[in-house]
Structures are given as C-alpha cells and as structure tokens.
Amino acid sequence: MINAIEVNNLTKIYNPKSKNAVTALSDFSLTVEIGKIFGLLGPNGAGKTTLIKILLGIVFQNSGNAKILEEDISNYKVRTRIGYLPENHKFPNYLNGEDLLKYYAKLSGYNENDLSKRIDELLALVKMNKWRKTKVKKYSKGMLQRIGLAQALIHNPDLIFLDEPTDGVDPIGRKEIRDILISLKNEGKTIFVNSHLLSEVELISDRVAILNNGKLIKEGSVEEFTTQKEVYEVKLNKEFDSDLITNLLISYEIFEFKKESFKVKVKDETELDKITDLLRQHDLGIRNLNNIKTSLEDIFINLINKN
Ligand SMILES: Nc1ncnc2c1ncn2[C@@H]1O[C@H](COP(=O)(O)OP(=O)(O)OP(=O)(O)O)[C@@H](O)[C@H]1O
Ligand SMILES: [Mg+2]
C-alpha cells in the first residue's frame, strides 16, 4: 500500500511568542492512501486549512513532519504533481476564464503543446465553456468554484487538495462536482477534501477524519462512522401490541415503536439471536432485521459536543 499523504505529529502554533498564540494543530497524525477520496471534517477554526497549507509549504509547522507522494514536504519539486483549490480564493479579476487557465497552466509549469485542447476539456468538464470569454470579476460564487476546480486540475496532478470546493455552489452544481471527483478517483487520482458539508463528504469519501481544536478526534471509513453496530430495526409480519413486545423484551432497550416495527439496542449478536428467538416463540414472525445507519452529521455533532 502506498500512501499519498503521511502526516506525523504535526504541531502548528501561530504567533507562538505572543499572548495571542493559537495552537491550530496539535500533535496531529494522519495517512491517506493513494487513489482514495479523503474527507477532513471539522468546525470553523479546527485547523483544516492550516493542515493543507503546511502540506503545501504555505505555512511552516513548529514540529512534526509530513510526506506527500513519498517526498518530504520540504522538497518543493513534488508540488508540480499537486493540484490545489484554496478556500476563498482570489483570482486575477481582469482575466477571463480561458486566460485564467492559461495563466495557471504556466505557473504550474505545464508547457505541453496541447494546452488549448486541455483548456477546452477542462472548461467542458466544469461546464464553464459558455463563460470562457467572460471576465472572472463577473463570475458568480458557483462559477468561481468551477473555474477554480479547473485551475486545480490544469496540469493533470496526481494529488488534489480541495478546500471547501462546493462553497457557494447550488445543489445541482454540487452533484456535478461530486461526479467530477469520483471520475478523477477512477482515473487513479488521490483527492483530499476539506469540508463542512458532511452529507456530501459522506457520499464520496472512502475515509474521513474529524478534527476539532487542532486534534484528531476520529478517523475511519464512512461505513465505520455511520454504522451503529448495536442498533437494529425489527420489522414484524403484522401489526403488534407494543405492550406485549415491551413485556416480552423487558430486559432489552427497545424504542421507536411504529405500526409494524421497533428498534432495539443490543450488546452483541447473541443478544440479537435471543431476541429473535423470543419473538418467534410468541408467534411474532420477523419480516426484516436492519442494522441502523446514522448520518455522518449526527456522528459529527455527537463527537464535537463530547470533546
Ligand atoms: N495566519 C494566521 N495567524 C494567526 N492565526 C491563524 C492564522 N491562520 C489561522 N489561524 C487560526 O488557527 C486556527 C485554525 O484555523 P484554520 O483556518 O486552519 O481552520 P479551519 O478548520 O480551516 O476553519 P474554517 O472551517 O473556518 O475554514 C483558528 O483559530 C484560526 O483563527
Ligand atoms: Mg478553512
């Protein structure tokens, strides 16, 4: 397994000697596998942008180290293989979309003679062809994000950092950006996304991490985050009397009674077996047994509140 990003014990303190010192990252470690979409979540001020800026050499850590694409981050040459969409980016206002992409292609050292074809491709990908001759200063927020994404991809990078890519983008535009990110992943690219939009991150990320006050709270697959192993919804074949079930399953935690279903919290599968046996013995046929999923948002709010 090759890692696209390896972060070891990074600490970043802004203004360390002043009384306004801010610890933006505290002993933070993380790895991101190559070819995956990784979502970094956290409330405002958690340290998400600081992490990206350290990885890209825009700010420097106080301690710890990190590698991107197997090179130490101090090796600036690796940055030619990186794409970056900053949060609240400010593009030169006087350029139009097409010239903006040319400009960033040059900055990133892309000097292939197929540049105009590449620009056509990217404008089509982010659906900005119609606006290619319009000055950036006239772009809406969503259009700025689309051209920003094209900018991040212009030199065909292997690893792409996107800081709040769907900020200000409408729901259809967000779906289109998600689809673009998935197709980039299918091409083998690694994508690192900072976002507040948990429902979106949930839809595309392979793994997610939650950061709060500069500390890693939890990291795992989306599946691990959202599956509550211990809660099941039990659907019965017919309507039932909730008192009957309550008495029958008196030693278990049951809740959310509906016409033909209820939820139960169990410690393990043996307990679940006991419950299903009890129900069957009382002629209560089970139609369906579902492990309950929680949204990433609920998990996030719980974790942040606890810390
Ligand atoms: N240049 C700076 N000088 C001083 N403090 C800073 C600087 N940049 C960020 N900070 C502080 O560091 C902390 C982390 O900021 P950061 O921008 O990394 O958070 P974030 O998770 O990206 O937040 P948001 O979701 O609002 O973008 C915050 O308390 C912020 O005020
Ligand atoms: Mg930020």
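Any read-out appearing in this document is the output of simple, stated calculations on the displayed coordinates, not a laboratory observation. If you're wondering where the values come from, they're calculated on a predicted model, not measured in any experiment. Heads up, the Cβs are rebuilt from the backbone with ideal geometry, glycines too, and the neighbour counts pull from every protein chain shown.
Structural remarks
- Here the chain is treated with +1 on each Lys and Arg Cβ and -1 on each Asp and Glu Cβ, and its dipole about the Cα centre works out to around 1700 debye.
- Simple label model, 7 Å out from Cα along Cβ direction - Gln281 to His89, nm: 6.5 nm
- Of all aspartates and glutamates in the structure, those lying under 17 Å Cα to Cα from Lys265, and not within fewer than 8 positions of it along the same chain, are Glu230, Glu233, Glu253, Glu256, Asp273, Asp277.
- Mean Cα-pair separation over length for the range 3-213, i.e. relative contact order, pairs under 8 Å, 6 or more apart, %: 30 percent
- 18 Å cut-off, amide nitrogen to a point 7 angstrom out along Ser183 Cα→Cβ, residues in the range 11-42: 37
- Pairs from the table (Lys133/Lys185; Lys12/Lys215; Lys235/Lys258; Lys235/Lys259; Lys117/Lys138; Lys106/Lys185) lying more than 19 angstrom apart at Cα are Lys133/Lys185; Lys117/Lys138; Lys106/Lys185.
- Inter-probe distance in nm under a simple model that places probes 7 Å from Cα toward Cβ, at Tyr76 and Lys274: 6.6 nm
- Chymotrypsin sites (Phe, Trp or Tyr not before Pro) within the range 1-93: DSSP coil, no more than 15 neighbouring Cβ in 10 Å: Phe60
- Karplus (6.51, -1.76, 1.60) ³J(HN,Hα), θ = phi - 60°, over the range 203-213, in Hz, Gly and Pro reported as x: 6, 10, 7, 7, 9, 9, 10, 10, 10, 9, 6
- Extension gain for Asn65-Ser251 works out to 61.8 nm (0.36 nm per residue, less the C-alpha to C-alpha distance).
- P(r) of the chain over all Cα-Cα pairs, binned every 10 Å from zero, in whole percent: 6, 23, 25, 19, 13, 9, 5, 1
- Projecting the Cα atoms of Ile54, Ile275, Asn9 onto the charge dipole of the chain, computed from C-beta unit charges around the Cα centre, puts Ile54 farthest toward the positive end.
- The range 228-306, dipole about Cα centre (Lys/Arg Cβ +1, Asp/Glu Cβ -1), debye to the nearest 20: 160 debye
- Taking the DSSP beta bridges with both ends in the chain, the antiparallel portion is around 65 percent.
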